[in-house]
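A quick write-up on the structure given underneath.
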Amino acid sequence: MLIDSKETREALRFAKALFDEGMTPEVFSWDDASDNRYLASGVASWIHDAISAYRTTEDTNPKVFQNTYIALEPQGAGGKRVSVANPNVYLIWKFAKNPQAAKEFLEYLSDNWKDGMIASRGYNMPFLKDGYKKPMPVIGTDPKMQVLQDFPNIVGFHGYPGPFTPAIQEVVATFLLPDMFTRVARGQSPDDAVKWAVGEYRRIYAKYKRA
């Protein structure tokens with residue numbers, strides 16, 4: 001299992017140092033909007049999030065926004081960059097009262113995704129290669145955001161470089177990986193945290209193998 005590796009332990013030790021030297025306990029109660037508030041407050045120096053935080057800062061703290069910039073993911077080993085995206089899945093219930101209207105709505109939505117990107121001020125950007133050509137709507141016209149046009153080149157789904165499976169979706173939904181890092185930040189040894197995480201991974205994957 002790749003998670004039980006020297007590299008994982010090095011990452012955990014780095015995260016422990018990062019927490020001790022540059023974070024506060026509030027990070028343990030972070031919610032989806034915390035990054036937005038933190039960046040807009042002017043206290044944050046760097047966050048990793050969608051462009052909603054950029055837009056929130058633009059709307060609520062123009063002074064901070066003047067000094068707010070966007071960059072791609074930090075480089076990993078060998079200079080490689082990988083970010084994650086959640087694929088959108090739409091369905092129509094069998095018991096829907098008007099399945100034909102629902103089908104037509106989904107067809108319209110997919111055919112007009114570009115309008116959604118414009119209306120969301122760049123938030124609903126494509127994660128597929130060649131989704132739109134440069135200059136892309138919104139992000140191609142803002143000098144600070146133009147770097148995001150290359151985001152599709154570094155996207156990986158959960159489970160990368162392996163497949164996106166029901167098991168890995170449960171791993172993500174139960175915050176297994178962040179909890180492993182949280183354990184180390186709170187004082188648990190990297191070895192013990194990895195041992196716990198490996199046990200949880202195996203438990204989840206075994207469940208789907210039996211299904």
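The values are calculated or read from the model by the stated rules, or taken from the named source; none is laboratory data. These figures come from a predicted structure and were not determined experimentally. Don't worry about glycine lacking a Cβ; one is built from the backbone with ideal geometry, like all the others, and counts go over all protein chains shown. Surface accessibility is based on the protein's heavy atoms, side chains included, excluding ligands, DNA and RNA. Shrake-Rupley method; radii C 1.70, N 1.55, O 1.52, S 1.80 Å.
Enumerate the calculated ³J(HN,Hα) couplings along region 80-89 in order (Karplus 6.51 cos²θ - 1.76 cosθ + 1.60, θ = phi - 60°), each rounded to whole Hz, writing x wherever the residue is Gly or Pro.
7, 10, 9, 10, 10, 9, 9, x, 8, 10
Go ahead and run the numbers for FRET between ILE118 and GLN146, Cβ-Cβ distance against an R0 of 25 Å, rounding to 0.05.
Efficiency for this residue pair is about 0.95.
In terms of modelled amide H atoms, which long-range or inter-chain residues lie less than 5 Å from the amide H of GLY156?
Close amide H contacts, sequence-distant or interchain: SER83, VAL84, ALA85.
Please report, largest first and rounded to whole Å, the three semi-axes of the ellipsoid equivalent to region 8-112, where each semi-axis is the square root of five times an eigenvalue of the C-alpha gyration tensor.
Taking √(5λ) for each eigenvalue gives 36, 21, 15 Å, largest first.
Compute the accessible area per residue over region 1-107, keeping the other protein chains in place, probe 1.4 Å, unit Å².
75 Å²
If you bin every alpha carbon distance in region 57-146 into 5 Å steps from zero, what whole percent lands in each bin?
It works out to 2, 10, 14, 18, 17, 14, 10, 7, 5, 3, 0, in whole percents.
Bins of 5 Å, beginning at zero and ending with the bin holding the largest distance: percent of Cα pairs per bin for region 50-97, please.
It works out to 5, 13, 15, 12, 11, 14, 11, 8, 6, 5, 1, in whole percents.
Please list, in order along region 20-31, the HN-Hα scalar couplings obtained from phi with the Karplus expression 6.51 cos²θ - 1.76 cosθ + 1.60 (θ = phi - 60°), rounded to whole Hz, x for Gly and Pro.
Running phi through 6.51 cos²θ - 1.76 cosθ + 1.60 with θ = phi - 60° gives 5, 9, x, 10, 10, x, 4, 5, 6, 10, 5, 10 Hz.
May I ask you to give the solvent-accessible area per residue for region 138-184, in square angstrom, as obtained with a 1.4 angstrom probe?
50 Å²
Over the Cα atoms of region 139-183, Rg to Rh with Kirkwood Rh, two decimal places?
Ratio of gyration radius to Kirkwood radius: 1.18.
Quick check: convex hull of the Cα atoms in region 104-200, volume per residue, rounded to a whole Å³? List each step's numbers first, then the result.
Working: hull volume 15.8 nm³, N = 97.
Each residue corresponds to 163 Å³ of Cα convex hull volume.
To the nearest 0.05, how large is the calculated FRET efficiency for ARG81 and GLU104 if R₀ is 30 Å and r is the Cβ-Cβ distance?
Calculated transfer efficiency: 0.15.
Cut-off under 26 Å on the C-alpha distance; same-chain residues fewer than 8 positions from LYS134 excluded. Which lysines are left, in chain and number order?
Filter leaves LYS80, LYS114, LYS144.
Let me spell out the model: positive unit charges on the Cβ of Lys and Arg, negative unit charges on the Cβ of Asp and Glu, origin at the Cα centre of the chain. What dipole size does that give, in debye rounded to 20?
600 debye
Bins of 10 Å, beginning at zero and ending with the bin holding the largest distance: percent of Cα pairs per bin for the chain, please.
7, 24, 33, 25, 11, 1
If I compute solvent accessible area with a 1.4 Å probe over the protein chains, what percent of it on the chain is carbon and sulfur?
Numbers: 8080 of 14380 Å².
Accessible surface attributable to carbon and sulfur in the chain totals 56 percent.
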